Structures are given as structure tokens and as C-alpha cells.
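J.: Handing you this structure, nothing more for now.
The values are calculated or read from the model by the stated rules, or taken from the named source; none is laboratory data. Here the structure is a predicted model, which is why all the values come from computation and not from measurement. Neighbour counts run over all protein chains shown; Cβ positions are idealised from the backbone, glycine included. With ligands, DNA and RNA removed, areas are computed over all heavy atoms of the protein, side chains included. Shrake-Rupley method; radii C 1.70, N 1.55, O 1.52, S 1.80 Å.
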Amino acid sequence: MPALSLATASPATSALPQRRFGKTEERVPVLGLGTAPAGFSLSDEDAVALFHAAIDRGVTYLDTAPGYNRAQAQLGQVLPSRRDEVFLATKCYAATAAEALQIHEQSLRDLETDRVDLLYAHCVGSFEPEQLLAPDGVFAGLREARRRGWTRYIGFTAHHLPARSVALLQELEIDAVMLAMNYADRHTYGFEEKLLPLAGSLDLGIACMKVYGGAKEMNYEKFRVSALGERNHHAAFRYALGLPGVAVAVIGMFTQEELERNVAWARAWEPLTGEEQERLHDEGRALAAEWGPHFGEAE
């Protein structure tokens, strides 16, 4: 795996551009750090160094989950000294309120903090909406976590089966969503057309994930390029941040070099031109046919 090269890096002097995170009225940087790669593949020492470097450069939206192996414990070595500098989001993959509260209580211990900023129900397409919306369902647990002061905001993440997310948004009062959106998978899952307008009309905070197509086979156990390979990462980043209402593009990073490149793109972001949009539309359609429904069922 490429070295972190921390010795050659120096903290940037200017903050990243920020956007309003929906009705939360929080201001978040346009680039967020996904911690799964560090949790699965970096030593604690290297992960902690990467997290500090990200915060130093203004990447203060930190996205984690208890399923990311060592990630939360690694963050627990960073947060005691930097908690007030970051917007911290974690998740619970659960169907019931009891499970969600148990999972999140352990997350707080691992993270060495008494609260997060945002707690997501993780990958809601994996469950029937009725199950999640039940009186003892996961969202009852998220509301209870908020009542206890364990989180400030609640929401959900969605990777597949967008109709289930639509059904949830028609019934729920939440603060934020994180959706798998990139210029290829829009032709498979279509969150951009099926869910994004509804989330925007509800003034939700919107985070975009899988910006580069995600890790192949969702495997973060060693350094590997994303599903997009080496092609068009810059254009994919610009595409994600050009989607209506998207406040932050959350990108998993293994190395200091990846961090520096994404930070530079965040500082210089500009929308795609019409010609670039047409090119990505055609390329994305071809890639979608090649990838298929790699995050799970589309319908």
C-alpha cells in the first residue's frame, strides 16, 4: 500500500468551501472523510495520522460506522482532543430500536465521546420499510438516542432499492440522508431522479457517497482503486457536488496522497459544463451496463 508520506505534507492554510447541511443549519465542508479504508487496512498509527491531517486541512465531516472494523476505535484516539472541530456521523445497521440503542451505546464508547452529530440508520434498503417504521423499529431507536443526547440529528443511508427510501421519506421526520450517487450508478439506481428531489423538498441535509463507484466488492481490506479505476475521478467529484442539494461528498481514503488530491479538487470545485455532462452521461451508461447492480437490487 502506498505510504502516507506524512513527513512531506504540511497543513493547508485555507479552509475548505462549506455548504449548508439542510434544515440542520450546520455548515459542513464539501469534502467529507469516509473512514472505512483506514479501519480495515491502516495501522492505528497511520489512521490517526491521516485523520489529524484531514482535520488540519478542513475535512471536518467525519463519516464512520461500527462495521468499519477498527475505524471507530481509531477515531477514539483523535476525538478527545479535536471533538469540537468536527461534524461526526456514525451509523447503526439494525431493524429494531433495542438493537440500534445497543449498537450506538458501544459506538460512543469506541469513539471516546458522549455524543455524535448525526446518527444514520445504515443501508435501509436491506430492510422492509414497515419493519423500520414500526413502534419498536430502528427509527424509534434513533429518536430515543436523540432524546438521550447521544446524537443531535438523525437520518438514513441508502445504497440500493430506492423505492424503499422513498417510502421512508414519505412517513418520517428526519434531518439528513446519505445516498450512493455517481455518474454511472445513476443509470442503475437512479437516486438522483427518484429520491433527491424529495429529500430537497424536505430540506434535508444531503451527503453523497460512492462518488467514485465505491470499493470493488465493498472490500477495504487492502489499498485498491475504486470501481471507476483511475478514470475521471475529478469529473466524478464535480458531478457529485453539482447534484441539487448535495452539501458534502464523502470519500473513503487510504493515503495522504488521496487526501491532498481530493482537498485540491474541493478547493477548486466548479460545475460541469454541458459538454462534460453529456460525455459523462454516455460513459456512465456504458459503465452501468458493465457494473450491473453492484450495491444490491435496483428495484
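J.: Can you tell which of Pro66, Pro162, Pro244 shows the greatest fluctuation in a Gaussian network model of the chain with Cα springs below 10 Å?
T.: Result: Pro244 has the largest fluctuation of those listed.
J.: Which far-off residues, 5 or more places away or on another chain, put their amide H under 5 Å from the one on Tyr153, with H placed in the peptide plane?
T.: Residues meeting the criterion, in which the H sits 1.01 Å from N, are Leu118, Leu119.
J.: Would you be so kind as to identify which of Cys92, Ala73, Ala286 lies farthest towards the positive end of the dipole of the chain, taking Lys and Arg as +1 and Asp and Glu as -1 on Cβ and the Cα centre as origin?
T.: Positive-end residue among those listed: Ala73.
J.: Quick one: which residues, 5+ away or cross-chain, put their amide H under 5 Å from the amide H of Leu31? H built at 1.01 Å from N.
T.: For Leu31, the qualifying residues are Ala249.
J.: With a 1.4 Å probe and all protein chains left in place, how much of the accessible area of the stretch 165-299 comes from carbon and sulfur atoms, in whole percent?
T.: Heavy-atom surface of the stretch 165-299 belonging to carbon and sulfur, 1.4 Å probe: 49 percent.
J.: Compute a Gaussian network model of the chain, connecting alpha carbons closer than 10 Å, and tell me which residue from Glu171, Glu257, Glu144 fluctuates the most.
T.: Maximum fluctuation in the GNM of the chain, among the listed residues, is at Glu171.
J.: Now a separate question. Using the Cα centre as the reference, give the magnitude of the dipole from point charges on the C-beta atoms of the stretch 167-299 (Lys, Arg: +1; Asp, Glu: -1; all else neutral), rounded to the nearest 20 debye.
T.: Value, rounded to 20: 340 debye.
J.: Rounded, prolate or oblate for the stretch 157-215? Axes are the square roots of the Cα gyration tensor eigenvalues, ordered a ≥ b ≥ c, and the cut-off for rounded is a/c under 1.5.
T.: The shape class here is prolate.
J.: Taking the Cα centre as origin and putting +1 on Lys and Arg beta-carbons and -1 on Asp and Glu beta-carbons, what dipole magnitude results for the chain, to the nearest 20 debye?
T.: For the chain, the charge dipole is close to 420 debye.
J.: Sticking with this structure for a sec: Distance between the C-alpha centers of the stretch 23-79 and the stretch 251-299? Whole Å please.
T.: The stretch 23-79 and the stretch 251-299 have Cα centres separated by 21 Å.
J.: If DNA, RNA and ligands are ignored and the probe is 1.4 Å, what is the ranking of Lys91, Lys210, Lys23 by accessible area, most exposed first?
T.: Lys23, Lys210, Lys91
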